[in-house]
1. From (1) crowded, with 22+ Cβ neighbours inside 10 Å; (2) under 22 Å from A:Arg134 (Cβ atoms); (3) not hydrophobic (A, V, I, L, M, F, W, C), pick out the condition that doesn't hold for B:Asp283.
2. Being touching a Phe, Trp or Tyr at 6+ places or on another chain (Cβ under 8 Å) and surrounded by fewer than 16 Cβ atoms within 10 Å (Cβ to Cβ), is that true of even one residue in region A:185-200?
3. Check B:Val282 against each of (1) hydrophobic (A, V, I, L, M, F, W, C); (2) in contact (Cβ under 8 Å) with a residue 40 or more places away in the chain; (3) in contact with a Phe, Trp or Tyr (Cβ under 8 Å, 6 or more places away or on another chain) and name the one condition it does not meet.
4. Kindly provide the set of residues from region A:238-250 that are at pLDDT 85 or above and facing chain B (nearest Cβ under 9 Å), ordered by number.
5. In this structure, is A:Arg176 without any contact (Cβ under 8 Å) to a residue 24 or more places away in the chain, away from chain B (no Cβ under 14 Å) and touching a helix residue (DSSP H, G or I) at 6+ places or on another chain (Cβ under 9 Å)?
6. Could you please find all residues in region B:152-189 being in contact with a helix residue (DSSP H, G or I) (Cβ under 7 Å, 6 or more places away or on another chain) and either at pLDDT 90 or above or of a type in the set (A, V, I, L, M) (or both)?
7. From (1) within 12 Å of another protein chain (Cβ to nearest Cβ); (2) not in a helix (DSSP H, G or I), pick out the condition that doesn't hold for A:Ile223.
8. Which of the following residues is touching a residue at least 12 places away in the same chain (Cβ under 8 Å) and loosely packed, with under 14 Cβ neighbours inside 10 Å: B:Thr172, B:Thr186, B:Thr226, B:Thr154?
Amino acid sequence: MRSKVTLARLVRNPQARYGLIALVLLLALAYVGPFFGPYDWTDKDFMSFLSPPSADHWWGTTQIGQDVYAVTLRGMQKSIIIGFLVALFSTGLAALVGAAAGYFGGWVDRVLMWGADLLLVLPSFLIIAIVSPRLKGASWLWFVVLLAVFSWMITSRVVRSMTLSLREREFVLAARYMGIPGWKIILRHIVPNLSSLLIIDATINVSGAIIGEAALSFFGFGIQPPDVSLGTLIAAGSGKVTGYPWLFLFPAGLLVLLVLSINLIGDGLRDALDPGSNK
Amino acid sequence: MGAYLLKRLVSNVLLVAIAASMAYFLAATSLNPRAKYEGKQPPVAEAVVDATLDDYNLNDKTPVFERYVTWVSGVVTGDLGETWDGKSINEEMGRRVGVSLRLLLIGTLVGSAVGVTVGGYAAVKQYRLSDRVIGVSAFVIMAIPVFVLATMLTLVAVGINDTLGFTLLEYTGEYNPALSGWDQFTNRLNHLILPTISLALGQIAFYSRIQRNMMLDVLGQDFVRTARAKGLSRRSALFKHALRTSLIPAATYFAFAFGTLLTGATFTEKIFGWHGMGAWLVDSIQSNDVNAVAAVSLFTAACVLVAGFLSDLIVAALDPRVRVS
């Protein structure tokens, strides 16, 4: 019932509607678009290097003859996956850590929150920048883990303070007196009651992670070749932007559109799930 | 009030020490300056490499804790050590800090002043066309990462220069060393325009959103109406009563915004070819320069500390409740 009301509110909100439409179009472009392009992202056209957009190469070619359309969509797929995985992982971590700290209290609370404070102080950019290029042989999933590990702390503090009030509520007390173990109460009763906060947080984390990935890849500290992401493409394109702007404009434009549409949805979700906070 | 600020200062200094130490340990254990010497032709004898690295306190054969103690005892006396090729970090830093601080200072001032003004203006004109335009553009700007914005600005500058036929906007480096005197001064200002825009735009968007929300909260409150009722003009009621109260949240966000500004400065410096601290961070990680990484971390941590302290000071100045308690 509640989810129906929320969904109806979300669709009525023009901001969120435009955001959703844009996101669906962008997802379709990233995952269906490559099938319509004349080239595969691994193809190299040795007859045209750095040629501007044309009927043959829709978005032009790179200096080694790659088709910018195919490569950019490939990079966008990676950026989208990274964004969603990081958001899932970091919001999940924030929910579990925050709820455990708030529910159990005592030394569990102190240890978990001390860890969160420590991670907040550490220079995350520096740590990811130093560690991630050294994972060269390893999978890019490690990079996702690194990004997520440094983005859950503030939400977990919010979750903790909300758990503190939730754990005194009747349904939680009833469950506890029935002898249900603590971790089950957290998963079944506490986390679902925080779902609106977590959904909003996850949405905002997606765009944050996409930007974070692109920022680190811009300096070569993120996704390593031969993998491509929007960040590596923007980095490669920005060096040649004055002579060959299509190398930069297409990935950068898609990145901005992606982030913008997700932010619009996040804002709309906040209005729909939490009508009181009219920020 | 004094005790409050002192307490904040002590805890902040502690955090800086922890952050810098962690950065040192991380850099010392995972970066390898030895690689710089090993690939040389003709090959350098291992004993020579060891001796050189020992000189610079970079030898990975010395236990990391021992190197850390040497580094800390240097830092405490104001000596940040040497780069991987034996240059003094203090000298290099002296040059680069000036470059970065100029960018950061102007970016902060322009960003917060314009942002607060724009946000306050939007709140006063709520739901009018100007409010909507400001809101939408702030939203769009916040979705554009600094490195995209900066690159777009160079693209625009090149376009303008090309159509005009001469260099109206400079987009690489910090100044033209061939000029001198007044010419060099204006040339420096010209080089500042694009980096400042790329740094300040994000800040403006951020502050304007906060300031608009807070201003709207305050405008509906009784004390503003009372101020009007006792005969103040709309203008002075807005400036003396509404603006001051609504500035407090923006001031508390100041430290946070400064952190994003620091990261933004790294991109801006790299893209516009400024040799500041941000560019040094990236270069030193790429060149396995342990002491330089630690020095930059120390600098950024200290900057964040100063920003946090400033933000506390501003809040205390604006909010009487903080001063009394």
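The values are calculated or read from the model by the stated rules, or taken from the named source; none is laboratory data. Treat the numbers as computed from the prediction; the structure is a model and nothing was measured. Positions of Cβ are generated from backbone atoms using ideal geometry, with glycine treated the same way; all protein chains shown enter the neighbour counts.
1. (1)
2. So far as region A:185-200 goes, no, none of its residues is touching a Phe, Trp or Tyr at 6+ places or on another chain (Cβ under 8 Å) and surrounded by fewer than 16 Cβ atoms within 10 Å (Cβ to Cβ).
3. (2)
4. Across region A:238-250, the qualifying residues are A:Phe248, A:Leu249.
5. Judged against the criteria, A:Arg176 is a match.
6. Answer for region B:152-189, where residues must be in contact with a helix residue (DSSP H, G or I) (Cβ under 7 Å, 6 or more places away or on another chain) and either at pLDDT 90 or above or of a type in the set (A, V, I, L, M) (or both): B:Leu153, B:Ala157, B:Leu168, B:Leu169, B:Leu179.
7. Tallying (1) within 12 Å of another protein chain (Cβ to nearest Cβ); (2) not in a helix (DSSP H, G or I), A:Ile223 fails exactly one: (1).
8. B:Thr172
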